[in-house]
Amino acid sequence: MASVLIVDDERNIRSHLATYVRSLGHGAEVAATAEEALALLGRQTFDLVLSDVRMAGMDGLALLGEVRKRAPESLVVLMTAYATVPQAVEVMRAGAYDYLVKPFSLEQIGLVLSRVLEVRDLRRENRRLRLAADEPLLDSESQAMKRALEIARRVAVSDATLLLTGESGTGKTVLARQVHSWSARRASPFVTITCTTLSEHLLESELFGHVKGAFTGAWKDNPGRLEAAAHGTVFLDEIGELSLELQAKLLRFLEERRFERVGGRSTIEVDARLIAATNRDLEQEVAAGRFRSDLFFRLNVVGIRLPPLRERRADLHRLVEHVLSALAARHHRDVEPVPTAEAWRAIEAYDWPGNIRELVNALERALVLSRGDAIEAEGLPDSIVAPPPPPATPARSVMEGGGSLDDLERAHIAQVLAESPTLEQAAARLGIGVTTLWRRRKRYGIE
């Protein structure tokens, strides 16, 4: 059964369509204006929004834009008695699922509903398969991981803000997506923002949106990711990289669930659950003055630490088998490859400083280089087959001189970079992402 919202300013059309939709066994609600439709969308979800184009006040095209922002899972079909080719092109480019020209038959509505149900079911199946593919990455014999999953399941049913911590590559994004899927918000968007990928100015616009003319290149109003996550979940990855100015604006959103777009004066309210993640020790960042203590406490309503892969040794075989199965499907292999005894010894002996992300990358390399259905040790990266010696302690002169935490970090990063053949291997040894390492090098002036 589908749920349908019918929007038309002519009462007879609304009533006639609603009666027909209900006769097919589907649910139907009606609205005389786009504003009434948006009010209904704020209270419940619809598989299909069937709307007239020409209406008093907000027209069907404007409604289409709002539905795509507020309820992106809903498909929109527009109806008009004044069809033109340019208008049809504009409607489809704006994201409408279909376009009906009045007068149309009720059978056409029935066909549209059949296609909507097919799309809805395909989306649900894709979501189920994606989550099923992710779950083995979280399933664990480790007590620390079991505890993390238990807390995640319990907090998922609430709207509490969640802070995920742990080394880079431990599965924080996967767990955040799982929490969303376990929550009552699962039918609404899950929006990810990685705080290391954009400059401070662009990140502010990405988060909060901007109005036309706010800066060079802002040629139209643009909603931000927080608005796109309405009624759903917004996931802020690497939140420790936010500037102090953006931290203040995010704190206000957490406290009031409201904000202004860049360059705008109108206050926007958004109901969205926030999950944040970081591989930094935020308490140390607070002590160093790089992270606001009030924001840390707001984020850390419930904190979950994901253990590194070296603390999940009992899970290694199951993880390798699952990753190889997924990679074989991605690379169109008929037979799932199996590591040789030598490859298993190398995999088990390695510490995996880059955690699950490094494991996936290493296995994909080995699979691509394999000459059959076996994963050979020679296909694994050299750092795994013949791992480098553990990183030395920071320069003794810095230690003896009582240097600051920044001095120690700079010396350690410089030493690891000097000992590592590539930036990726250095990042893996340090337990941080390559982008984060690049930022640290820039901050400390390390060549």
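Each reported figure results from applying straightforward, stated rules to the coordinates on display, with no laboratory input. Being a predicted model, the structure only gives us computed values, none of them experimental. Using ideal geometry, Cβ is built from the backbone for each residue, glycine included, and neighbour counts are taken over all protein chains shown.
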Reach of Lys249 by Cα under 26 Å, taken over lysines that are not fewer than 8 positions away in the same chain: Lys69, Lys172, Lys212, Lys220, Lys442
Per-peptide average of other Cβ atoms within 10 Å, ordering 30-39, 363-372 highest first: 30-39, 363-372
FRET efficiency for Ala160 and His201, using Cβ-Cβ distance with R0 set to 22 Å, rounded to 0.05: 0.10
Hull volume in cubic angstrom per residue (convex hull over the Cα atoms of the stretch 37-82): 62
Rounded, prolate or oblate (a/c below 1.5 giving rounded, otherwise prolate when a/b exceeds b/c) for the stretch 3-121 by Cα gyration tensor: rounded
Descending Cα extents along the principal axes, the stretch 309-385, whole Å: 33, 21, 18
Stretchable slack from Gln108 to Ala144, in nm (0.36 nm times residue separation minus alpha-carbon distance): 7.4 nm
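Given a Förster radius of 30 Å and the C-beta distance between Glu419 and Thr340 as r, what FRET efficiency does 1/(1 + (r/R0)^6) yield to the nearest 0.05? List each step's numbers first, then the result.
Values: r = 29 Å, r/R0 = 0.98.
E(calc), rounded to 0.05, equals 0.55.
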Value of [θ]222 nm, deg cm²/dmol, for the chain, DSSP H segments ≥ 4, -39500 (n - 2.57) each, nearest 500: -15000 deg cm²/dmol
Cα-based helix-to-principal-axis angle, 143-156 vs the chain, degrees rounded to 10: 20
q = 0.13, 0.16, 0.25, 0.31 Å⁻¹: log10 I(q)/I(0) that the Debye formula gives for the stretch 1-54, counting C-alpha atoms only: -0.26, -0.40, -0.95, -1.29
Alpha-carbon spread of the stretch 226-296, three principal axes, descending order, Å: 35, 24, 17
Gyration tensor (alpha-carbon) shape descriptor, the stretch 166-210, a/c threshold 1.5: oblate
Helix 316-330 axis, angle to the chain major axis (alpha carbon atoms, nearest 10°): 50
Tilt relative to the chain, helix 405-419 - C-alpha long axis, 0 to 90 degrees, to 10: 80
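So in the chain, what percent of DSSP beta bridges are antiparallel if you round to the nearest 5? Don't skip to the answer; put the middle values down first.
On the way: 5 of 43 bridges.
Approximately 10 percent, going by the DSSP bridge assignments.
Given Cα positions, please report Rg to Rh for the chain, the hydrodynamic radius being the Kirkwood one. Spell out each step's value before the answer.
Values: Rg = 26.0 Å, Rh = 25.1 Å.
For the chain, the value is 1.04.
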Segments 73-79, 258-264, 327-333 sorted - mean Cβ within 10 Å per residue, highest first: 73-79, 258-264, 327-333
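For the stretch 211-261, state the semi-axes of the equivalent ellipsoid (square roots of 5 times the eigenvalues of the alpha-carbon gyration tensor), sorted largest first and rounded to whole angstrom.
Numbers: eigenvalues 85, 45, 26 Å².
Sorted largest first and rounded, they come to 21, 15, 11 Å.
Tell me, Leu100, Leu202 in order of fewest to most beta-carbon neighbours within 10 Å?
Numbers: Leu100 18, Leu202 12.
Result, fewest neighbours first: Leu202, Leu100.
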